[in-house]
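The values are calculated or read from the model by the stated rules, or taken from the named source; none is laboratory data. What you see is a predicted model, and the numbers here were worked out from it, not measured in a lab. Cβ coordinates were reconstructed from backbone atoms using ideal geometry, including for glycine residues, and neighbour counts include every protein chain displayed. Heads up: the accessible areas ignore ligands, DNA and RNA and are worked out on the full protein's heavy atoms, side chains in. Shrake-Rupley method; radii C 1.70, N 1.55, O 1.52, S 1.80 Å.
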Amino acid sequence: MIDDDIVVEVRGVHYAIGTHAIFKGLNMRVRRGAITAVMGPSGTGKTTLLRLIMGQSVAQRGHVTVFGKEVAGLERRELYKLRQRVGLLFQNGALLTDLSVFENVAFPLREHTDLPEPVLRELVLMKLQTVGLRGAAELMPAELSGGMARRVALARAIVMDPEMLIYDEPFVGLDPISKGVIVRLIQSLNRLLGTTSIVVSHDVREISAIADDSYLLAEGKVMAEGSPAELCKEQTESVRQFMSGTPDGPVPFHYPAPDYFEQLLARPDA
Amino acid sequence: MHEHKAPHGPIPRRRDGRVSSLSQRRSIALDAVAKVGAVALFLVRLLGQCIPALVRPQLIIRQIYNAGARSLVIIMLCGLFVGMVLGLQGYQLLQRFGSESALGMAAALGLIKELGPVLTALLFAGRAGTSLCSEIGLMGATDQLAAMEMMAVDPVRHVVAPRFLGGLIAVPLLAAIFSCVGIYGAQLIGVTMMRIQAGTFWSQMQSAVGLRDVNEGLIKSVVFGAACSLLAVYEGFHAEPTAEGVGLATTRTVVTSAVLVLLLDYMLTAAFL
Ligand SMILES: Nc1ncnc2c1ncn2[C@@H]1O[C@H](COP(=O)(O)OP(=O)(O)OP(=O)(O)O)[C@@H](O)[C@H]1O
Ligand SMILES: [Mg+2]
């Protein structure tokens, strides 16, 4: 594997918010032109990992390199240059509420390019058509349903045709039809334009169908990695537990807490 | 977004659990100093982004409309009442010395140099500052500011700077309107009601009010506008991303703006003497 083919590299990252350690030595690599799936129980820090990759937060120890540059050492201007090459779909959409759907999708183009209005219009409508919301162009974000808002956010993330796309839970709150469309969209962006993709998702089935590599995070570390097929074959009990979805097993379903029984019995005034 | 927290530990407590008043006072003082520093650093970053923000004048114009035009009615209404009160009080006082013809001069000087800029700034903090602050705070709470960052758009340039500049431009204009309406109110009382000669009312005013007085009022209102807008956008930008956090930030905006405006007013008045 040539180093140039690695778009994102995470090496030995330790990260804690306050006293709560989220990553304890995380290692990960994203190959150029591949779809990399990141899976893991809720609250393991998948969104946090994306923040580290985008340079929104900085790890206390370890290195995060994106496009060959160490993210932590970048100045604001260089960081912005790097971010222009990446499209990010937020877990909650994060549309700008004072702009219409059309203007939301047009926003990155207006900020970073000097396209004439007709070209810009065509581009935006094309992206809205891909997510099936061309008819909603003039609505305001408040008039959209949750799933529609996420699809608009997706159109906004791809409007600059970025080299890398990061999706934070793209399938949550979507009906089966839209889900299928989005899965095919991620796949075709990847196959046709060679867009490197990182997809954070719980939908083991959907994501296994399209991912080239996958990482399973748990307890601040990578618990398993490999192609989805390898992961499914993996015999470790914890991996099997996650892939088949049972609460009892080595992966804790609960956020760290004192013993349930003791807490119920404990008197508040004791 | 929590880096602006004061850099020292929790308030030390006495053995009986009550906060010792000395250390509490020290901690409040430290908090205040830390806050001044944080606001100053933010101002530097903001000023750096003001010139790039001029590239999109329509954003600034929208904010002038938001902060300025929408405060127009309340400013004019208050200006009228303040002017009328000045007219009544001034007439009462000046009549004792038989110099009620000086009413025009007294009202105009009071309004242009003092009441216009100060009251406009206070009204602006309550009417526009709160909405600036809560608007930016909510954008932070709903990840919109983070989304801009991720799209390589500096929210300080795109969201904060236009609002700051809008306030900075709107307050002097509002103060001028406040003073004009106020003078009209004083005239309404003095000339229409109390039968002072219109000629003396206006000519006394004209001969007494110089460019220097107008400049004093203008400089004051520019400084107050900058201070109120800066505090509003600072508090909004650094608000905790929760409903409660935005509410608290809005309250802080009004309180600090009011205190700061009166403090600055004293300092500027002393400087102009
Ligand atoms: N601002 C914060 N302060 C303290 N802890 C935080 C903060 N943000 C996140 N955390 C903690 O970090 C951990 C990881 O959060 P993160 O949002 O990255 O999880 P996630 O893997 O994306 O989960 P989900 O699948 O539910 O989206 C959680 O345990 C959470 O409690
Ligand atoms: Mg998440």
Checklist outcome for this item: Restricting attention to segment A:28-43, the residues that are at pLDDT 90 or above and among the polar types (S, T, N, Q) number exactly 1
Checklist entry - Could you count how many residues in segment A:237-270 are part of a loop (DSSP other than H, G, I, E, B), at pLDDT 70 or above and closer than 28 Å to A:VAL13 by Cβ? => result 4
Checklist outcome for this item: Residue hits (segment B:77-91; surrounded by fewer than 17 Cβ atoms within 10 Å (Cβ to Cβ) and within 19 Å of the chain's Cα centre (by Cα)) are B:LEU77
Checklist entry - Only one of these conditions is not met by A:MET164: (1) away from ligand 1 (no atom under 16 Å from the Cβ); (2) buried (at least 20 other Cβ atoms within 10 Å of the Cβ); (3) closer than 20 Å to A:ARG134 by Cα. Which number is it? => result (3)
Next on the checklist: Conditions first: (1) surrounded by 24 or more Cβ atoms within 10 Å (Cβ to Cβ); (2) more than 17 Å from the chain's Cα centre (by Cα); (3) away from every other protein chain (no Cβ under 14 Å); (4) of a type in the set (A, V, I, L, M, F, W, C). B:ALA106 passes all but one, so which condition is the exception?
Outcome noted: (1)
Checklist outcome for this item: A careful count of residues in segment B:50-71 that are open to solvent by 60 Å² or more (accessible area, probe 1.4 Å) and part of a helix (DSSP H, G or I) gives 7
Checklist entry - Which condition breaks for A:GLN84 when tested against (1) within 14 Å of chain B (Cβ to nearest Cβ); (2) open to solvent by less than 20 Å² (accessible area, probe 1.4 Å); (3) closer than 24 Å to A:ARG191 by Cα? => result (2)
Checklist entry - Within segment A:206-226, is even one residue away from ligand 1 (no atom under 16 Å from the Cβ), touching a strand residue (DSSP E or B) at 6+ places or on another chain (Cβ under 8 Å) and β-branched (Val, Ile, Thr)? => result yes
Next on the checklist: Looking only at segment A:64-80, filter to residues that are over 19 Å from the mean Cα position of the chain (by Cα) and either more than 10 Å from chain B (Cβ to nearest Cβ) or modelled with pLDDT of 90 or more (or both); which one of those is nearest to A:PRO118 (Cα to Cα)?
Outcome noted: A:GLU78
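For segment A:132-144, which positions are touching a residue at least 24 places away in the same chain (Cβ under 8 Å) and either part of a helix (DSSP H, G or I) or open to solvent by 40 Å² or more (accessible area, probe 1.4 Å) (or both)?
A:GLY132, A:ALA136, A:GLU138, A:LEU139, A:MET140, A:PRO141, A:ALA142, listed by residue number.
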Item to check | Cβ pairs under 7 Å, 6+ apart, first in segment A:39-66 and within 12 Å of A:GLU9 (Cα to Cα), second hydroxyl-bearing (Ser, Thr, Tyr) and open to solvent by 20 Å² or more (accessible area, probe 1.4 Å) | outcome: A:LEU52/A:TYR15
Item to check | Qualifying position, being within 16 Å of ligand 1 (Cβ to nearest atom), part of a loop (DSSP other than H, G, I, E, B), under 26 Å from A:VAL30 (Cα atoms) and touching a residue at least 40 places away in the same chain (Cβ under 8 Å), among A:VAL199, A:VAL172 | outcome: A:VAL172
Checklist entry - Any residue at all in segment A:23-37 that is in contact with a helix residue (DSSP H, G or I) (Cβ under 8 Å, 6 or more places away or on another chain), open to solvent by less than 60 Å² (accessible area, probe 1.4 Å), within 14 Å of chain B (Cβ to nearest Cβ) and away from ligand 2 (no atom under 16 Å from the Cβ)? => result no
Checklist entry - Among (1) over 21 Å from the mean Cα position of the chain (by Cα); (2) within 20 Å of A:VAL152 (Cα to Cα); (3) within 12 Å of chain B (Cβ to nearest Cβ), where does A:PRO108 come up short? => result (1)
Checklist entry - So which residues in segment B:227-245 are farther than 14 Å from B:LEU262 by Cα and either of a type in the set (A, V, I, L, M, F, W, C) or in contact with a Lys or Arg (Cβ under 6 Å, 6 or more places away or on another chain) (or both)? => result B:LEU230, B:LEU231, B:ALA232, B:VAL233, B:GLU235, B:PHE237, B:ALA239, B:ALA243
Item to check | Selection count where residues are at the interface with chain B (Cβ under 8 Å from one of its Cβ atoms) and crowded, with 20+ Cβ neighbours inside 10 Å, scope segment A:87-104 | outcome: 5
Checklist outcome for this item: Flagged in segment A:145-169 as part of a helix (DSSP H, G or I) and away from every other protein chain (no Cβ under 14 Å), in numbering order, are A:GLY147, A:MET148, A:ARG151
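Conditions (1) modelled with pLDDT of 95 or more; (2) part of a helix (DSSP H, G or I); (3) open to solvent by 60 Å² or more (accessible area, probe 1.4 Å), marked per residue:
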| position | (1), (2), (3) |
| --- | --- |
| B:SER207 | no, yes, yes |
| B:ASP213 | no, yes, no |
| B:VAL223 | yes, yes, no |
| B:LEU230 | yes, yes, no |
| B:TYR234 | yes, yes, no |
| B:PRO241 | no, no, yes |
| B:GLU244 | no, yes, yes |
| B:ARG252 | no, yes, yes |
| B:THR256 | no, yes, no |
Checklist entry - Does at least one position in segment A:128-138 carry a residue that is within 14 Å of chain B (Cβ to nearest Cβ) and either touching a His at 6+ places or on another chain (Cβ under 6 Å) or of a type in the set (Ser, Thr, Tyr) (or both)? => result no
Checklist outcome for this item: A:ILE17 vs (1) within 16 Å of ligand 2 (Cβ to nearest atom); (2) in contact (Cβ under 8 Å) with a residue 60 or more places away in the chain; (3) of a type outside the set (Lys, Arg): all pass except (2)
